[in-house]
1. All but one of (1) farther than 13 Å from S21 by Cα; (2) of a type outside the set (D, E, K, R); (3) in a strand (DSSP E or B) hold for T68; which doesn't?
2. Can you tell me which residues in the range 102-123 are surrounded by fewer than 18 Cβ atoms within 10 Å (Cβ to Cβ) and part of a strand (DSSP E or B)?
3. Go through (1) open to solvent by less than 20 Å² (accessible area, probe 1.4 Å); (2) touching a Ser or Thr at 6+ places or on another chain (Cβ under 7 Å); (3) modelled with pLDDT under 95 one by one and return the number of the condition G35 breaks.
4. Can you say whether A97 is loosely packed, with under 13 Cβ neighbours inside 10 Å, within 17 Å of S21 (Cβ to Cβ) and either among the small types (G, A, S) or in contact with a Lys or Arg (Cβ under 7 Å, 6 or more places away or on another chain) (or both), as far as the supplied structure shows?
5. Can you tell me which of I99, I51 is among the β-branched types (V, I, T), under 19 Å from F29 (Cβ atoms), out of contact with any Leu (no Cβ under 8 Å at 6 or more places or on another chain) and modelled with pLDDT under 95?
6. Of all the residues that make up the range 1-32, how many are within 17 Å of N96 (Cα to Cα), open to solvent by 50 Å² or more (accessible area, probe 1.4 Å) and of a type in the set (S, T, N, Q)?
7. From the set of residues in the range 35-65 that are charged (D, E, K, R) and outside any strand (DSSP E or B), which is farthest from the chain's Cα centre (by Cα)?
8. What are the residues in the range 44-83 that are loosely packed, with under 14 Cβ neighbours inside 10 Å and in contact (Cβ under 8 Å) with a residue 40 or more places away in the chain, if any?
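The values are calculated or read from the model by the stated rules, or taken from the named source; none is laboratory data. Note that the coordinates shown come from a computational prediction; the quantities given were computed from them, not determined experimentally. Glycine gets a Cβ as well: all are built from the backbone with ideal geometry, and neighbour counts include every protein chain shown. Just so you know, the surface numbers come from the protein's heavy atoms only, side chains and all, with ligands and any DNA or RNA stripped out. Shrake-Rupley method; radii C 1.70, N 1.55, O 1.52, S 1.80 Å.
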Amino acid sequence: QGHLVESGGGLVQAGGSLRLSCAASGGIFSINTMGWYRQAPGKQRELVATITSGGSTNYADSVKGRFTISRDNAKNTMYLQMNSLKPEDTAVYYCNADITVITGPHLYEYDYWGQGTQVTVSS
């Protein structure tokens, strides 16, 4: 019941752009807040950006003005447009979503994580 699949990572030169996607599927009743997190080698996972079901956004200071989070509720998909990438943006990027799933007559709310997608920015 419910899972997230990320795509769009890769290798890019500093100053370049990438667009990540995160598609949710599986018995979805509703998707609440969604977000992107990242984890660089030897570091803790950190928040990149979040977006509520109503479209309100929040960004880490390190990505403000460069990254844009968005979502298409009809497609149960979230995006992260990353511009002006820097080597310090190199990390595994994970999507996260608070999803209410329907199982028979019941609704259950879970916190889901994707498998991660590697973003590497070369200098």
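1. (1)
2. Residues satisfying the conditions are I102, T103, H106, L107, Y108, E109, Y110, D111, W113, Q118, T120, S122.
3. (3)
4. No, not satisfied.
5. Selected residue: I99, the only one of I99, I51 that is among the β-branched types (V, I, T), under 19 Å from F29 (Cβ atoms), out of contact with any Leu (no Cβ under 8 Å at 6 or more places or on another chain) and modelled with pLDDT under 95.
6. Qualifying residue count for the region: 2.
7. Among those residues, the one meeting the criterion is K43.
8. N73, K75
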